[in-house]
1. Would you be able to say whether some residue in the stretch B:169-187 is within 7 Å of another protein chain (Cβ to nearest Cβ), assigned to a helix (DSSP H, G or I) and in contact with a helix residue (DSSP H, G or I) (Cβ under 6 Å, 6 or more places away or on another chain)?
2. Residues A:237, A:215: which one is within 7 Å of chain B (Cβ to nearest Cβ), closer than 30 Å to residue B:233 by Cα and under 30 Å from the mean Cα position of the chain (by Cα)?
3. If residue B:75 satisfies all but one of (1) within 12 Å of chain A (Cβ to nearest Cβ); (2) touching a residue at least 40 places away in the same chain (Cβ under 8 Å); (3) surrounded by 19 or more Cβ atoms within 10 Å (Cβ to Cβ), what's the number of the condition it fails?
4. Restricted to the stretch B:32-42, and to residues that are within 11 Å of another protein chain (Cβ to nearest Cβ) and surrounded by 19 or more Cβ atoms within 10 Å (Cβ to Cβ), which residue is farthest from residue B:102 (Cα to Cα)?
5. Quick check, is residue B:76 farther than 21 Å from residue B:170 by Cβ and in contact with a helix residue (DSSP H, G or I) (Cβ under 9 Å, 6 or more places away or on another chain)?
6. Of the residues B:219, B:214, which is surrounded by 13 or more Cβ atoms within 10 Å (Cβ to Cβ), assigned to a helix (DSSP H, G or I) and at pLDDT 85 or above?
7. Could you check, for the stretch A:158-171, whether at least one of its residues is in contact with a strand residue (DSSP E or B) (Cβ under 8 Å, 6 or more places away or on another chain), within 10 Å of another protein chain (Cβ to nearest Cβ), at pLDDT 90 or above and more than 29 Å from residue B:139 (Cβ to Cβ)?
8. Just checking, which of B:23, B:56 is closer than 26 Å to residue B:166 by Cβ and either in a strand (DSSP E or B) or free of Cβ contacts under 8 Å to residues at least 60 places away in the same chain (or both)?
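The values are calculated or read from the model by the stated rules, or taken from the named source; none is laboratory data. For clarity, every value in this text was computed on a predicted model and none was experimentally measured. Ideal geometry is used to build each Cβ from the backbone, glycine not excepted, and the neighbour counts take in all protein chains shown.
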C-alpha cells in the first residue's frame, strides 16, 4: 500500500512536471508567435527566442512563418482563353477603351499582423485574391489597351498592389502584399494578328526613320567635305593667281627695261618673231600692190 | 444503504461535482468566435469578448465563426443607364456581427449567402442603372465616382444586412467587368479595325518623320555647299583683284611696250590653221621679201 502510494506520487509528480513543461516554448528565427489565453490574444507578436507562458490548456501558442512569401495567381492561364478551354472568362479583362485582353497576374504576400492573419478571416488566400482581382479589374478598366500591354504595366502593378493593400488593411486581414506581378498579358486570338501588325508597323516606322537618319548622316558630312574642298580650291586659286601675277609682273618689268634700251630694234624683233610663229600655220595670199590677185590657191 | 461506509469518499465526490459544475459553467471564447448563450433554446446574450467566460450550468453556449468570409455571387448581366450590357462578377466580404439576429433569421452561412445574393444583386442593378458605362470603363476615368458607387453600395448592403440578418458587410466590390458573350464578335471586329488604323498611322508617321529628316539633310547640304561657294568665290575674287592690281601696276610702268607685247600675244591666239591671210607685199614683214635691202624701213 505504502509502496503503491509512493509510486502514484512519483507518477503524479512526473505528470505535473510534464504539464509545467508545456509552458515553455521556442519561436524559431524565421517565425513569430501569437499567445492566447482561453482564446483571447495576450501577446500579439512574440519575437523569435525561448519564452514562458501559462501551461496548456490555459495558454496556446500559434507560430507563423512571417517572412515566407506566399504565391497566388489572379486571372487565368492565357492558353485557356486562347484554346477555349476551361473557364476562358477567368483570364478576361475589359480595358478602358473597351478592348478585351487576357491577363494573368501573380500576387506575393506575407504575414503582416500575425493576430489578424490568424483570427480575422476564414480564408486569407480568398480574401487576398478577391481584393487584388477587383483592383486589377478596376485599374485595367481605366487604361487603354496599349497602356496595359506595353507602357503602363509597371504602374498598374504598383497601383493595384497599393490599392489592394489598402482594402486588406481596412478588412484587417493582416497581410502584407509584397508584389503584384502581371506575368502575361495578351490580346484575344481573334485580334492577335492585328496587334502583331501594329508592332510590325512600329518597327517599320522605326526602320524608315533610321534609314532617313542614315541618309542624313551620309549626306551632311559629305557636304561638309565638299565645302572644305571648294574652299581649299579657292585658296589655291587665289594663291596661284597672285603668284602668277607677281611672276608675270616681274618678268614684264625686266623685259620692259631691256626693251627701253633699244625700242626700235626690239620692237621689230618681237614683231618678226611673232610672225614667224603665226605665219607657218596659216594660209597666205600674197598680193602685190601692182599685180592682180591670184586666186588659184583659194580655189584649191 | 449504509451511508457511513462511503463517508470517506465524500471529499472526492464533492471535488468531482465541483469540476463538473465548473466544466459546465466556464467556457473559453476564441478570437475567431462569438458565443450566443441560450437558456432552454431561448437566446439570452452574446459574448463578443474573447477569453474565459461564465454562465449557469443549465445554460448552453452556441459558437459562431466571426471571421471575414468571401462570397462570390454568380456573374450576372446588368444594364447601365446608357443601355449597355455589362457582365459583372462581384464579391462580398462579410462576417457575422449579431449572432442573435443571425440565428433568428438565417441560421447558417449558406442561407446567409442566398440573402446576400439578393441584396447585392438588386443593389448592383440599381447602382448600374444610375451610372453610365463610362464611369466604370473609360480611359479618362472618374475614379472617385466609381469608388463612391461601390462605397454607397457597400454601405447600403451593410445597413440592410445588419438590420435584417445581423450580418456586417465589409465590402462589396466588382471583381470583373465583361461584355456579354454575344457582343464579343463585334468587339473583336472593332479591335481589329482600331489596330489597323493605328498600324497605318504608325507607318504614315514614320514616313513623315523620314521625309522631314531627308529634307532637313538636303537643306543642310545646300546650306553648307552654298556657303562654301560664297566663301570660295570671295577668296577667288580676292586673288583676281590682287593679281589685276599687280598686273596693272607693272604694265602702267611701260604702257607702250605692254600694248605691243599684248597685241603680238593676241595674234598668236587669233590666227590658226583655218585662217587665210591676204598679205600686201607692202607690209612691214614682206617689204624686204619684195624689195630686198631697200625694203628695210
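1. Checking the stretch B:169-187: not a single residue is within 7 Å of another protein chain (Cβ to nearest Cβ), assigned to a helix (DSSP H, G or I) and in contact with a helix residue (DSSP H, G or I) (Cβ under 6 Å, 6 or more places away or on another chain).
2. Numbers: A:237 fails: under 30 Å from the mean Cα position of the chain (by Cα).
Only one candidate qualifies: A:215.
3. (3)
4. Filtering the stretch B:32-42 down to residues within 11 Å of another protein chain (Cβ to nearest Cβ) leaves B:32-33, B:35.
Now narrow it down to the ones that are surrounded by 19 or more Cβ atoms within 10 Å (Cβ to Cβ): B:33, B:35.
Values: B:33: 14, B:35: 12 Å.
Looking at residues that are within 11 Å of another protein chain (Cβ to nearest Cβ) and surrounded by 19 or more Cβ atoms within 10 Å (Cβ to Cβ), I get B:33.
5. Details: farther than 21 Å from residue B:170 by Cβ: yes; in contact with a helix residue (DSSP H, G or I) (Cβ under 9 Å, 6 or more places away or on another chain): yes.
Taking the combined requirement at face value, the residue satisfies it.
6. Working: B:219 fails: surrounded by 13 or more Cβ atoms within 10 Å (Cβ to Cβ).
Just one listed residue meets the conditions, B:214.
7. For the stretch A:158-171, residues in contact with a strand residue (DSSP E or B) (Cβ under 8 Å, 6 or more places away or on another chain), within 10 Å of another protein chain (Cβ to nearest Cβ), at pLDDT 90 or above and more than 29 Å from residue B:139 (Cβ to Cβ): absent.
8. Working: B:23 fails: closer than 26 Å to residue B:166 by Cβ.
Result of the check over B:23, B:56: B:56.
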